[in-house]
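Take a look at the structure below.
The values are calculated or read from the model by the stated rules, or taken from the named source; none is laboratory data. Given the structure is predicted, the values throughout are model-derived calculations rather than measurements. Neighbour counts are summed over all protein chains in view; Cβ atoms, including those assigned to glycine, are modelled from backbone coordinates with ideal geometry. Protein only, heavy atoms only, side chains kept; ligands, DNA and RNA dropped before computing areas. Shrake-Rupley method; radii C 1.70, N 1.55, O 1.52, S 1.80 Å.
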Amino acid sequence: MTVQYSAVRRFTRYSLDVRAKLSVGNQEFTVRTLDISEGGIGMVSPREIPDAELAAVEFVFPTTQGVFRAELVARSKNGFRYGFEFTGLDAENMALLRKYERRWGIRAE
């Protein structure tokens with residue numbers, strides 16, 4: 001019997017396809033988001049990002065007003081796909097995320 005990886009996740013992931021600004025050290029570049037949860041975000045990056053590198057992301061959800069900002073750290077990599085864990089998510093940005101999840105979120109596989 002095989003257990004689906006999504007069944008053991010701490011947070012439900014939701015599809016999210018937007019352009020985002022990623023800041024890593026003194027570099028800043030555009031990435032594409034893949035999915036998001038209350039624990040982190042998946043993205044595709046045109047540049048290599050070292051594991052455990054502190055970063056910041058900024059974007060606008062397609063259905064809400066207000067800029068979403070969060071501090072994060074790279075935790076996984078598969079080719080150009082990266083998984084980031086949120087390390088700093090304040091109440092205002094958590095509220096934007098939860099509003100997106102409730103109203104428009106489509107569960108990611």
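Could you identify which residue out of 17, 90, 35 has the top mean-square fluctuation in a GNM of the chain using Cα springs shorter than 10 Å?
Of 17, 90, 35, the most mobile in the Gaussian network model is 90.
Would you mind checking which residues have amide H under 5 Å from residue 12's amide H? H placed 1.01 Å from N; only 5 or more apart, or other chain.
Amide H neighbours of residue 12, under 5 Å, 5+ apart: 38.
If you take the square roots of the eigenvalues of the alpha-carbon gyration tensor of the chain and sort them as a ≥ b ≥ c, do you get rounded (a/c under 1.5), prolate (a/b over b/c) or oblate?
Taking the square roots of the gyration eigenvalues as a ≥ b ≥ c, the chain is oblate.
How many Å² of accessible area per residue for the chain, probe 1.4 Å? Show your work: numbers first, answer last.
Details: 7000 Å² over 109 residues.
Spelled out: the 1.4 Å probe surface of the chain, per residue, equals 64 Å².
When the helices in the chain are scored as -39500 (n - 2.57) per DSSP H run of 4 or longer and the sum is shared across all residues, what 222 nm value do you end up with, to the nearest 500 deg cm²/dmol?
On the way: 1 runs with 14 residues, N = 109.
Result for the chain: -4000 deg cm²/dmol, rounded to the nearest 500.
Highest GNM mean-square fluctuation, the chain, Cα pairs closer than 10 Å: which of 70, 20, 91?
91
Counting Lys and Arg as +1 and Asp and Glu as -1, each charge on the Cβ, what is the dipole of the chain about the Cα centre in debye, to the nearest 20?
On the way: 16 positive and 14 negative charges, 78 e Å.
In total the dipole reaches around 380 debye.
Can you pull the percent of the chain's accessible area that's carbon plus sulfur, 1.4 Å probe, other chains left in place?
Values: 3260 of 7000 Å².
Solvent-exposed carbon and sulfur of the chain make up 47 percent of the total.
Comparing 54, 72, 16, which has the greatest mean-square fluctuation in the GNM of the chain with Cα pairs linked when under 10 Å apart?
Of 54, 72, 16, the most mobile in the Gaussian network model is 54.
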